[in-house]
Amino acid sequence: MNSAPHVGRFAPSPTGPLHVGSLVAAVASFLDARAAGGRWLLRMEDLDRPRCEPGAADTILRQLDAYGLHWDGAVLVQSQRDDAYAEALATLQAIGVVYPCACTRSQLTQAPRNHEGEIIYPGTCRNGLPAGAVARAWRLRVPDVSTRFHDRIHGDLEQNLADDVGDFIVKRADGQFAYQLAVVVDDAFQGITHVVRGADLLWNTPRQIHLQTLLGLPTPVYAHVPLITNAAGQKLSKQTLAPALPETGCGAVLVRALAVLGHAPPVELEGAEPAELLAWASAHWHIENVPTHPVVAKPTQAPDNLP
Ligand code: GLU
């Protein structure tokens with residue numbers, strides 16, 4: 001048996017309150033850690049300052065509490081971690097794998113896109129800035145090789161970063177460190193051994209593994225849980241107007257989240273409180289029973305939304 005301590009985490013972005021899709025990711029990472037007798041840490045990913053909403057971080061903490069998702073230790077807040085990210089960027093600069101980039105978003109609109117809809121950077125600034133251009137961001141030079149990784153739910157996967165992503169941003173034009181850099185620095189800093197998060201981030205994993213390798217950081221074990229989409233197939237999010245998780249009647253919502261994760265509680269637990277549901281689910285947790293496919297949210301019960 002593996003005796004290494006299991007450390008999981010939930011890393012919400014405080015761009016708004018949690019919705020049922022974020023609850024699924026929170027519950028899965030919580031159960032995965034608790035079922036292994038491990039710790040479950042919380043990190044507030046408030047790096048993208050323009051997108052953060054005042055008060056959302058407090059709302060998220062309150063919502064997690066209401067759902068019985070009690071985290072260990074202090075919350076790590078990314079906006080207080082710029083020094084650590086700057087140090088990682090300096091390491092990447094020292095080993096010569098990043099370069100300044102002058103491209104604006106509008107200059108890249110014609111660039112090809114990958115299956116996630118992301119721009120595949122065409123390498124415009126890779127061999128030096130065009131004459132007269134001003135550096136705006138820092139990009140990481142990616143290798144033209146296949147990165148293989150294992151996901152505990154999706155199995156063995158691989159991606160060629162050069163073909164599917166291109167050189168990606170580690171520090172943005174607005175001076176903010178990019179998610180990809182911050183996430184690997186913080187996962188290592190918090191000693192995370194097991195990352196469990198939404199499947200929208202599945203294809204970010206090779207970028208993160210590549211950064212971990214360059215920075216000499218350990219690679220955690222990954223698992224990506226199903227997304228909840230609306231009827232149009234869009235991920236629930238603030239942009240798609242997903243309703244905030246209610247803070248009353250949490251048991252019934254939790255039962256739905258557990259069903260999405262392939263761990264529907266027995267009928268005797270209908271009407272149970274979150275603590276009892278989570279205790280049952282952590283005793284029955286088998287991550288290999290979590291489905292891979294997205295789940296369409298039930299239409300809201302609000303009367304004005306009924307046909
Ligand atoms: N902050 C990201 C989000 O809310 C999650 C990042 C991660 O789990 O790696 O989508």
So what J values fall out for the stretch 105-117 if you push phi through Karplus, 6.51 cos²θ - 1.76 cosθ + 1.60 with θ = phi - 60°, rounded to Hz, Gly and Pro as x? 4, 5, 6, 9, 4, 7, 5, x, 10, 8, 5, 8, x
Hey, if you put +1 on the Cβ of every Lys and Arg and -1 on every Asp and Glu Cβ in the stretch 71-180, which of GLY155, TRP71, VAL97 ends up farthest toward the positive end of that dipole? VAL97
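Compute the whole-percent fraction of alpha carbon pairs in the stretch 127-182 spaced more than 19 Å apart. Please report the intermediate quantities before stating the final value.
Details: 731 of 1540 pairs.
Tail of the P(r) past 19 Å holds 47 percent of the pairs.
Given a Förster radius of 35 Å and the C-beta distance between LEU214 and ASP58 as r, what FRET efficiency does 1/(1 + (r/R0)^6) yield to the nearest 0.05?
Numbers: r = 36 Å, r/R0 = 1.02.
Efficiency at R0 = 35 Å is approximately 0.45.
Any idea what the dipole of the stretch 93-211 comes to, in debye rounded to 20, about its Cα centre with Lys/Arg Cβ at +1 and Asp/Glu Cβ at -1?
Details: 12 positive and 13 negative charges, 90 e Å.
Charge dipole, the stretch 93-211, about its Cα centre: 440 debye, nearest 20.
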What net charge do the residues around TRP203 carry, taking every other residue with its C-beta under 13 Å from that of TRP203, with Lys and Arg at +1 and Asp and Glu at -1? -4
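Using a Förster distance of 35 angstrom, determine the FRET efficiency expected from the C-beta separation of GLU247 and LEU108, and round it to 0.05.
On the way: r = 41 Å, r/R0 = 1.18.
Efficiency, from the Cβ-Cβ distance: 0.25.
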Which Cys residues of the chain have no other Cys beta carbon under 4.7 Å away? CYS52, CYS103, CYS250
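Tell me the relative contact order for the chain as a rounded percent, counting alpha carbon contacts under 8 Å between residues six or more apart. Please list the in-between numbers first.
Details: 519 pairs, mean separation 67.0, N = 307.
Relative contact order for the chain comes out at 22 percent.
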Is there a quick way to get the dipole size of the chain? I mean about its Cα centre, with the Cβ of Lys and Arg at +1 and of Asp and Glu at -1; what is the value in debye to the nearest 20? 720
FRET efficiency, 1/(1 + (r/R0)^6) with R0 30 Å, evaluated for GLU270 and ASP65 via beta carbons: 0.85
For the stretch 258-271, 3J(HN,Hα) per residue [Karplus equation, 6.51 cos²θ - 1.76 cosθ + 1.60, θ = phi - 60°, Hz, x = Gly/Pro]: 5, 5, 4, 7, x, 10, 5, x, x, 4, 4, 8, 4, x
Starting from the Cα-Cα distance between HIS286 and ARG148, subtract it from 0.36 nm times their residue separation and give me the gain in nm to one decimal. 47.3 nm
The chain: mean projected area of Cα convex hull, nm²: 17.6
For the stretch 10-81, whose charge dipole is built from +1 on Lys and Arg Cβ atoms and -1 on Asp and Glu Cβ atoms, the candidate among HIS19, LEU61, SER29 with its Cα farthest towards the positive end is SER29
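Taken together, the values in this text are just the output of simple stated rules run on the coordinates, not laboratory data. Keep in mind it's a predicted model, so treat the numbers as computed, not measured. Cβ coordinates were reconstructed from backbone atoms using ideal geometry, including for glycine residues, and neighbour counts include every protein chain displayed.
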